[in-house]
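The values are calculated or read from the model by the stated rules, or taken from the named source; none is laboratory data. Keep in mind that what you see is a predicted model, and the values were worked out from it rather than measured. Cβ atoms come from the backbone with ideal geometry, glycine included; neighbour counts cover every protein chain shown. The protein model used for the area step is the full one, side chains on, heavy atoms only, and it has no ligands, DNA or RNA in it. Shrake-Rupley method; radii C 1.70, N 1.55, O 1.52, S 1.80 Å.
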Amino acid sequence: MSPSSLLGFSSTSSNPLVPYGWDAGWEAEFTLHAEQGLVPGRVIRVDRGLCDVIASAGTVRAATEFVVPRDPMKVVCTGDWVAVDPEGGDPRYVRTILPRRTAFVRSTSSKRSEGQVLATNIDHIVICVSLAVELDLGRIERFLALAMSSSSGEALLRKSADSWESGAQPLVVLTKADLVPDPVGLSYLVRDVETTAPGVPVLAVSALTGDGLDVLAAAVAGGTSVLLGQSGAGKSSLANALLGEDVMGVRHTRDVDGKGRHTTTTRNLLVLPGGGVLIDTPGLRGVGLWDAENGVGQVFAEIEELAARCRFHDCAHDSEPGCAVLAAVDTGALPERRLDSYRKLMRENQWITAKSDARLRAEIRRDWKRKGAEGRAAAAAKRGRRG
Ligand code: GDP
Ligand code: ZN
């Protein structure tokens, strides 16, 4: 296939990128790049300076070296929409990353401002909790806090800075529901988790029997999802159930690259048959093992340390006299961007406090009720078509 044939592109429903999440917003973002003869694609895998990009003509192997090097936040990541140069040899070049709507960022060290981006442009964070063991509500809470903060901890990468609702939405899935055969007991468990996570949808699902899968499939159909949870929580089984095959175990897909050759690709980004996209990277797999235990406060430990030296113990680091945080920004010791991220994290942490705020809780619940109803309607329509 010639490079120019990669150029034929439109946003009609026949556009092969639509199942990957391409929409009018991305199309608009891409206009200028299209004028420069670049082609859009979504990164489905990254390793050692190379990435696999799904473009309209198939999978393209691209080098990432022209994207601002040495800034980990600007390194191409699975989930990114990028502009690829169709000219030149193999590998081609990623010329730019389209502005990320959300990014799941792992803070590599509390002393450093940079983080490691694990996945980008995520809409749903699915927190998997096994019903095979006693529910640990505190752990669920920590996972939620992690989901909320990590998807938006970096101001740079946030589309709408003022509202967490525009970021990734958390969803709790109680897995292995078949192990709780008593429906009343199961509904109590679901309610316990709902109380812990106000406004967050809670589903009971069994990958084994398929119970609840249609509701989950409908909930994740409209975007890009990641599965979080402890090892053994049932993430792989759930992913396989959603994908309808053992793709997570055997993920070697034969792809045609831009030159018509077949290449073997391990994808970390997969299109779900019921709609939507699932991202599963080795980095995300480890998420349950780190931050959720450490607590989110440590992500901005250096600001917390500074804050302890502010004149007022309830200092908002806004314009207060004797504010050690603002002083550090003034001297350049603390990047302003970092403070902005911290402020957003704090705002988003108010979500946790929403537990004691009935108004906010009602608001969040209304939103999710609406989404839940849409999901159920979609699932019912699907059943109707089948039956
Ligand atoms: P992961 O580590 O989170 O990816 O978890 P796995 O998907 O590997 O599942 C861990 C264990 O739980 C495996 O032994 C699975 O067979 C089992 N498991 C997963 N889903 C279910 C389920 O729906 N029902 C039951 N009974 N067992 C399950
Ligand atoms: Zn202060």
| With θ set to phi - 60° and the Karplus curve 6.51 cos²θ - 1.76 cosθ + 1.60, what are the ³J(HN,Hα) couplings of region 197-206 in order, to the nearest whole Hz, using x for Gly and Pro? | 10, x, x, 9, x, 10, 10, 9, 9, 10
| field | Cα-projected label distance for Asn240 with Leu50, points at 7 Å along beta-carbon direction, nm | value | 2.9
| said: Can you list residues from other chains, or at least 5 along the same chain, whose modelled amide H is less than 5 Å from the amide H of Ile127? | reply: Leu171, Val172, Val173, Leu228
| query | How much accessible surface area, in Å² rounded to 10, belongs to the heavy atoms of Asp23 with a 1.4 Å probe? | reply | 50
| query | If amide H atoms are built 1.01 Å from N in the plane of the peptide, which residues on other chains or at least 5 residues away come under 5 Å of the amide H of Ala119? | reply | Phe104
| query | Amide H neighbours of Ser225 under 5 Å, counting only residues 5+ apart in sequence or on other chains, H built in-plane at 1.01 Å? | reply | Asp123, His124, Val277, Leu278, Ile279
| request: Once you have the Cα-Cα distance between Phe312 and Asp340, take 0.36 nm times their residue separation minus that, and quote the gain in nm to one decimal. | output: 8.1 nm
| Contour minus Cα-Cα distance for Ser14 and Glu194 (0.36 nm per residue) | 60.8 nm
| task | Could you tell me which of rounded, prolate or oblate describes region 165-217, using a ≥ b ≥ c as the square roots of the eigenvalues of the alpha-carbon gyration tensor, with rounded for a/c under 1.5 and, failing that, prolate when a/b is larger than b/c and oblate otherwise? | result | oblate
| task | Run the 1.4 Å probe and let me know the accessible area of Leu213, rounded to the nearest 10 Å². | result | 30
| said: Between Leu137 and Ala381, what is the label-point separation in nm under the 7 Å Cα-to-beta-carbon projection? | reply: 3.7
| message | What are the ³J(HN,Hα) couplings of region 17-31, residue after residue, when phi is run through the Karplus curve with 6.51, -1.76, 1.60 and θ = phi - 60°? Round to Hz, x for glycine and proline. | response | 8, 4, x, 8, x, 5, 9, 4, x, 5, 4, 5, 4, 8, 2
| remark: Here, Glu35 and Glu304, labelled 7 Å along Cα→Cβ, have an inter-label distance in nm of 4.8
